[in-house]
Each structure stands twice: as C-alpha cells, then as structure tokens.
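Taking it in order: structure first as structure tokens, then the write-up.
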Amino acid sequence: VQLQASGGGLVQAGGSLRLSCAASRRPFGAYNMAWFRQAPGKEREFVAAINWSGGSTAYADSVKGRFTISRDNAKNTVNLQMNTLKPDDTAVYYCAAGPGRWSLELTTHAYDYWGQGTQVTVSS
C-alpha cells in the first residue's frame with residue numbers, strides 16, 4: 001500500500017488544518033488507519049486511529065476534543081481535522097496503515113505501511 005499525505009502547512013495558534021492521506025490499494029476498507037507525529041528530537045507518537053469500518057476511533061489525550069479522524073472507504077482516504085492548534089502540535093505528521101481489526105492499535109509496530117509525512121507548524 002502506498003500512502004500519500006497532504007494538507008500540512010503553517011498556521012497560527014488557535015487555527016485549523018485538515019490533513020488527508022490517500023491510499024493506492026484496494027480494498028482500502030481492509031486496513032485500520034492511523035496518524036502519528038514526530039517533533040524534532042522526539043520519538044514518533046500516536047495521534048489518532050480509526051478501524052477498518054470507521055466505527056471505532058481512538059485519540060491521544062493531548063489531542064482529544066480538538067482533532068477528529070475520519071475515513072472515506074469509497075475514496076480511499078483518511079482525514080485528520082485539527083482544530084484549536086497549539087505550538088506543541090508542531091511536528092511532521094505521518095499516516096499509517098495496518099491490518100483491519102475491530103480493535104485499535106496505538107503503537108508504531110502495529111502498522112505496516114507509512115506515508116512520507118507532512119509538516120505542520122503552529123506559530124504562537
């Protein structure tokens with residue numbers, strides 16, 4: 001599966017961005033999807049995940065209530081709507097795909113395919 005992330009950019013604190021990730025392989029609905037992020041000098045960390053059907057989602061505590069993950073299996077895309085952005089959200093954001101399960105995995109090891117990353121910079 002090839003993943004292409006887009007939508008990053010520079011935004012002021014309190015602003016919004018919408019990230020998108022397009023997948024090359026069908027059936028897209030066979031995969032659980034997730035977003036991770038990595039800030040300079042830090043390890044890659046979990047942000048949000050959604051299961052193959054879209055019926056189950058999970059979020060890191062740091063983004064809960066501000067970010068929303070969604071997917072459109074007909075269009076082979078997963079999105080991350082990011083609102084009320086903070087400078088601490090500054091990082092490279094990666095989308096990832098893993099085996100479709102009812103349960104959600106929050107670690108990098110559970111995902112087999114990764115996009116190239118898109119930079120999100122939030123200024124104070």
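Observations on the model:
- 26 Å Cα-Cα reach of Lys42 towards lysines, excluding residues that sit fewer than 8 places from it in its own chain: Lys64, Lys86
- Per-pair calculated FRET efficiency, R0 = 30 Å: Tyr113 and Asp61 via Cβ, rounded to 0.05: 0.70
- Whole-Hz couplings from phi, Karplus 6.51/-1.76/1.60, listed for segment 50-62; x for Gly and Pro: 9, 7, 4, 8, x, x, 9, 9, 9, 9, 5, 4, 5
- Across the accessible surface of the chain, with the other protein chains kept in place and a 1.4 Å probe, carbon and sulfur atoms take up 48 percent.
- When peptides 111-118, 98-105 are sorted by average Cβ neighbour count within 10 Å, with the highest value leading, the order is 111-118, 98-105.
- Accessible surface, the chain, averaged per residue in Å² (probe 1.4 Å): 50 Å²
- Stretching the chain fully between Gln2 and Glu43 yields a gain of 12.5 nm (0.36 nm per residue, less the alpha carbon separation).
- For segment 75-92, 3J(HN,Hα) per residue [Karplus equation, 6.51 cos²θ - 1.76 cosθ + 1.60, θ = phi - 60°, Hz, x = Gly/Pro]: 9, 6, 10, 10, 10, 10, 8, 10, 10, 6, 5, 10, x, 5, 7, 4, 4, 8
- For the peptides 5-16, 74-85, residues were scored by their other Cβ atoms within 10 Å and the scores averaged per peptide; the highest-first order is 74-85, 5-16.
- Put a dot 7 Å past the Cα of Ala74, heading toward its Cβ, do the same for Trp102, and the two dots end up 2.7 nm apart.
- Relative contact order of the chain, defined on C-alpha pairs under 8 angstrom at six or more residues apart (%): 37 percent
The values are calculated or read from the model by the stated rules, or taken from the named source; none is laboratory data. Keep in mind that what you see is a predicted model, and the values were worked out from it rather than measured. Note: ideal-geometry Cβ built from the backbone for every residue, glycine included; neighbour counts use all protein chains shown. Accessible surface areas use protein heavy atoms only, side chains included; no ligands, DNA or RNA. Shrake-Rupley method; radii C 1.70, N 1.55, O 1.52, S 1.80 Å.
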